[in-house]
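Asker: I am attaching a structure below and will ask some questions about it afterwards.
Please treat every number below as a calculation from the coordinates, not as lab data. The structure displayed is predicted, hence computed values, not measured ones. All Cβ positions, even for glycine, are placed from backbone atoms using ideal geometry, and neighbour counts span all protein chains on display.
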Amino acid sequence: MSNQKKLFEEFPGVSTEQWEAVIQKDLKGADYNKKLVWKTAEGFSVRPYYRAEDLNSITWNNVEPNEFPYVRGNKTKGNEWLICQDINVTDCEAANKKAIDALSRGANAITFRLEYDKLYTDLEISALLNGINAKEVELSFYNNKYHLPLLEQLSRIPELRGSLNYDPLTRYIRRGTWFVSESTDMELAYILTKADMPGFQTIGINSHVFTNAGATIVQEMAFALAIGAEYLDRLTDTDLTIDAILPKMRFNVAVGQNYFMEMAKMRAYRVLWANIAKAYGAKEENAKMLIHAFNAQINMSLYDSYVNMLRTTTGSMSAILGGVHSFSVTPFDMVYEPTTEFAERIARNQQLILKEESHFDKVADPAAGSYYIENLTDSLVKAAWDLFLQIQEEGGYLAALRNGTIQKMVKENAAKRLNNVATRREIILGTNQFPNFTETMKSNPEAWVFESSDRRDENADIDTIVTYRVAQQFEQLRYATDVYSQSNKRPVAWMLTYGNLAMLKARANFASNFFACAGFQVVDNAGFKTVEDGIAAAKEVKPEIVVICSSDEEYGEGNALKIYEALKDQAIVVLAGNPEGTADVLKAAGMEYFIHVKSNVLETLQDFQKKLGITK
């Protein structure tokens, strides 16, 4: 209509050059790239802001939902996804009862995690699926090694939808061995793919293995795509066509905590897979990537475990808004115990709230047109494609495995990530920062809770990778204190605060969080009127650790040295901070410990535990 007006048209436009000029002025000479540009672990930079002009280079700007390359999802309207619940099967009747209960409470997909080395009978499979309408529910079967007998049993079920997850290529990097042999395993891949079961995927690509082993998002994507391409190479060498193979493939993807990056990852995955499929000559309608997603375990924690609910909720949101086919929320307690009914109910309800109350299912690709997310998607597409090509130039996935290329990349990034957590460059809330001061471990977790998952076979013929949780190193630390405190007094970190109120509070808060990460009892103080008052109080309380908390200026007036000299024979004396000059004087006097933002928190706390006799 002619009388329509644009909002805010009375305000003049502001050019990028004008914005940049204001930013440079506010920076006052500071380096723009160091201050404002995010250097991601994925190998590309993210600018502090994006504008409409940054969409000009995006190749899929005019693509609609359910159009090649499917960046905007596989559905023409809406964003309907399947709410999946994972069920561990140790007893078929009990698992069936749990599945029926989950379906009655909102789930519409079930993943049965079977026993690995068990050949299930027809009677057991019937008991497992009793009362479940396969026409209305998607059913997936994971972990069992008897894929062909299981498929033969499942093929008798009319209109079955779901997946079997046969993936010898990913298994190879975890165990270093094949199910039988390379040729036999690939022959079975052919047989399973050829099965006449429309809507049922038999070949899985399990990229979550790389995520939980510490790979970057770009590495995870490139390796998963390389596995997919390896299957396509092998299977198209048979009488199967590319259009017969693609509908039989499903990607199982883990979602981390990087909210927008994970959202962009799902979109970028579809773009890359669609283009790979097209390069093999597939019809566009068969180039859709089918993604089942779930929360990565690498970020989850044992201590303050309810925080896991927050982690899984944001991860679920990322994946769902990114347009996945189905999603399983990882129960918050899965990382340290057999999941409870309460945890499973909360996990299921997280998705129900996103669907029924937040209406995440109503809009196809809500991220479309977002300057930031579109550019993140584009950056991931380019970076993952470059790494994928590097693997292909090396001869493909298996050749890169045998050369150790993939394993080396994963392990190098895993080491970086563990160091980042140890030094708090990466925060695990409730674990290496802002721990619950009053929480102690009442139960005795089994050993596997604190260990990485190493499935390397004794006959492995390649290097393998392990999965782990980045919180485990801090959990071992804190649990050692909890165990020690069952038969000994829990060590006390006592804040000797004085002087500048703002500084003593800031440093006492920092130090309290620092020592609580090891499970030490923390005692803060409001601030002593004089240094002498603080020394006298410390002598009366007799804590194991005294932390001096004040400003750099007041440290340098001889006060810190006075405190150290008065208390060094009674307690471990620590300075909160690392003031230039004063630190040298204190070190010369014999003080060892200075805690600050550049400290390796993990190593420092391990030293304290050894000094206190908690560990050897």
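Asker: What is the gain in length, in nm to one decimal, between residue 408 and residue 237 on full extension, counting 0.36 nm per residue of separation less the C-alpha to C-alpha distance?
Answerer: Length gained between residue 408 and residue 237: 58.6 nm.
Asker: Further question: For the chain, take the longest principal axis of its alpha carbons; what is the angle in degrees between that and the long axis of helix 16-27, to the nearest 10 within 0 to 90?
Answerer: 30 degrees
Asker: Once the Cβ-Cβ distance between residue 116 and residue 340 is put in as r, and R0 is 25 Å, what FRET efficiency do you end up with, to the nearest 0.05?
Answerer: My answer for the efficiency is 0.60.
Asker: If you rank 31, 454 by fewest surrounding Cβ atoms within 10 Å, what's the result? It would help to have the intermediate numbers written out before the result.
Answerer: On the way: 31 9, 454 12.
Ascending number of Cβ neighbours within 10 Å: 31, 454.
Asker: Ranking 87, 100 by Cβ neighbours within 10 Å, fewest first, what do you get?
Answerer: Least crowded to most crowded, the residues run 100, 87.
Asker: Report the calculated FRET efficiency for residue 59 and residue 285 (r = Cβ-Cβ distance, R0 = 25 Å), to the nearest 0.05.
Answerer: My answer for the efficiency is 0.80.
Asker: Could you tell me the relative contact order of the stretch 544-616? Use alpha-carbon pairs under 8 Å, at least six residues apart, and round to a whole percent. Let's see the in-between values first.
Answerer: On the way: 60 pairs, mean separation 22.1, N = 73.
30 percent.
Asker: Please give the residues of the stretch 545-575, grouped as numeric ranges, whose backbone N is less than 17 Å from a label point set 7 Å along the Cα-to-Cβ vector of residue 532.
Answerer: Flagged as within label range: 558-567.
Asker: For the stretch 62-153, compute the number of Lys pairs whose alpha carbons are separated by less than 23 Å, excluding pairs fewer than 8 positions apart on the same chain.
Answerer: Details: 75/135; 77/135; 97/118; 97/135; 98/118; 98/135; 118/145.
So the count works out to 7.
Asker: Given 37 °C and 0.692 mPa s, compute D for the stretch 483-612 with the Stokes-Einstein relation, Rh being the Kirkwood radius over Cα pairs; round to the nearest whole µm²/s.
Answerer: 226 µm²/s
Asker: Which of 441, 300 comes first, and how do the rest follow, when ranked by fewest Cβ neighbours within 10 Å? Show your work: numbers first, answer last.
Answerer: Working: 441 18, 300 25.
Sorted ascending by nearby Cβ count, the order is 441, 300.
Asker: Could you work out the mean projected area of the convex hull around the alpha carbons of the chain, in square nanometres to one decimal?
Answerer: That works out to 34.7 nm², a quarter of the Cα hull's surface.
Asker: Expressed in nm to one decimal, what extension gain is obtained for the pair residue 434 and residue 611 from 0.36 nm per residue of sequence separation less their Cα-Cα distance?
Answerer: Here the answer is 61.3 nm.
Asker: Starting from the stretch 144-240, pick out the GluC sites (Glu not before Pro) whose DSSP state is loop and whose Cβ has at most 12 other Cβ atoms within 10 Å.
Answerer: Here the GluC sites (Glu not before Pro) that fit, given the DSSP loop and packing criteria, are 159.
Asker: Once you list every other residue whose beta carbon is under 12 Å from the beta carbon of residue 134, what net charge do they have if Lys and Arg are +1 and Asp and Glu are -1?
Answerer: Computed value for this residue: 0.
Asker: Let me ask another. Please determine, in degrees from 0 to 90 and to the nearest 10, the orientation of helix 259-279 with respect to the longest principal axis defined by the Cα atoms of the chain, where the helix direction is its Cα long axis.
Answerer: It is inclined by approximately 30 degrees.
Asker: May I ask you to list the trypsin sites (Lys or Arg not before Pro) in the stretch 493-583 that are in a DSSP loop and have at most 16 other Cβ atoms within 10 Å of their Cβ?
Answerer: When the trypsin sites (Lys or Arg not before Pro) of the stretch 493-583 are filtered for loop state and at most 16 Cβ neighbours within 10 Å, 529, 568 remain.
Asker: Report the Stokes-Einstein translational diffusion coefficient (µm² s⁻¹, integer) for the stretch 481-551, Rh taken as the Kirkwood radius over Cα pairs, at 37 °C with viscosity 0.692 mPa s. Working shown, then result.
Answerer: Working: Rh = 12.4 Å.
D = 265 µm²/s.
Asker: Work out, step by step, the length gained on full extension between residue 127 and residue 553: first 0.36 nm times the residue separation, then minus their alpha carbon distance; give nm to one decimal.
Answerer: My answer for the length gained is 145.9 nm.
Asker: Here's another thing I want to ask about it. Where nothing but the Cβ of Lys and Arg (+1) and of Asp and Glu (-1) is charged, how large is the charge dipole of the stretch 82-388 around its Cα centre, in debye to the nearest 20? All intermediate terms of the calculation are to be shown ahead of the outcome.
Answerer: On the way: 28 positive and 38 negative charges, 70 e Å.
With Lys and Arg at +1 and Asp and Glu at -1, about 340 debye.
Asker: Let me ask something else about it. How high is the relative contact order of the stretch 483-612, in percent, counting Cα pairs under 8 Å that sit 6 or more residues apart?
Answerer: 26 percent
Asker: From the cross-link list 489/610; 539/616; 248/382; 416/616, which pairs have alpha carbons spaced over 19 Å apart?
Answerer: 539/616; 248/382; 416/616
Asker: May I pose another question? For residue 76 and residue 427, FRET efficiency with R0 = 41 Å and r from the beta-carbon atoms, rounded to 0.05? Show your work: numbers first, answer last.
Answerer: Numbers: r = 40 Å, r/R0 = 0.98.
Result of the calculation: an efficiency of 0.50.
Asker: At 7 Å along the Cα-to-beta-carbon direction for both residue 136 and residue 358, put a label point, then send me their distance in nm to one decimal.
Answerer: 2.7 nm
Asker: Suppose a student asked you for the relative contact order of the chain, using Cα pairs under 8 Å spaced at least 6 residues apart; what percent would you report? Show your work: numbers first, answer last.
Answerer: Numbers: 1029 pairs, mean separation 81.0, N = 616.
RCO, the chain: 13 percent.
Asker: Now for a different question. Could you run the Karplus curve 6.51 cos²θ - 1.76 cosθ + 1.60 with θ = phi - 60° over the stretch 489-496 and give me ³J(HN,Hα) per residue in whole Hz, x for Gly and Pro?
Answerer: Coupling constants for the stretch 489-496: 5, 5, x, 10, 9, 10, 8, 8 Hz.
Asker: Provide the percentage of antiparallel DSSP beta bridges, counting only those with both residues in the chain; round to the nearest 5.
Answerer: So the antiparallel bridges amount to about 5 percent of the total.
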